[in-house]
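Structure first, then comments.
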Amino acid sequence: MTKKIRYRVVGGCAICMTCMYECPAQAITLIPDVSAVIDQEKCIGCGSCYKNCQPGAIVREEIENT
C-alpha cells in the first residue's frame, strides 16, 4: 500500500495569506477572521504551504492511499 502526503491547517493560523500566495495549485482559501483552509481535491502535495507557514499552523501527514 502506498502513502500519500496531505497538508492540513491546524491551530495557530495567523491569516497572513503567505500559504495562499505560495500555492501553485490555488488550493488554499481563507475564511476571514478564522483560518486558511486547504482543499484536498486541488492540493498537489508540493509542500509549499508547509515550508512557508511562519506560525507553523500547517502540518504534514502521511496517509494510506486507498
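The values are calculated or read from the model by the stated rules, or taken from the named source; none is laboratory data. All values reported here derive from a predicted model rather than from experimental measurement. Cβ coordinates were reconstructed from backbone atoms using ideal geometry, including for glycine residues, and neighbour counts include every protein chain displayed. Ligands, DNA and RNA are stripped out before the accessible areas are found, and what is left, the full protein with its side chains, is counted by its heavy atoms. Shrake-Rupley method; radii C 1.70, N 1.55, O 1.52, S 1.80 Å.
Starting from the exponent 0.38 and prefactor 2.2 Å, build the expected Rg for the chain from its residue count and divide its actual Cα Rg by it.
Ratio of Rg to 2.2 N^0.38 Å for the chain: 1.07.
How many nm is it between the label spots at V34 and K4, if each spot is 7 Å from the Cα in line with the beta carbon?
It works out to 2.3 nm between the two label points.
Taking only protein heavy atoms and a 1.4 Å probe, what accessible area per residue, in Å², does the chain have with all protein chains in place?
Ligands and nucleic acids excluded, the result is 68 Å² per residue.
For the chain, set up a Gaussian network in which alpha carbons nearer than 10 Å are linked by springs, and say which option among I28, I15, I38 fluctuates the most.
I15
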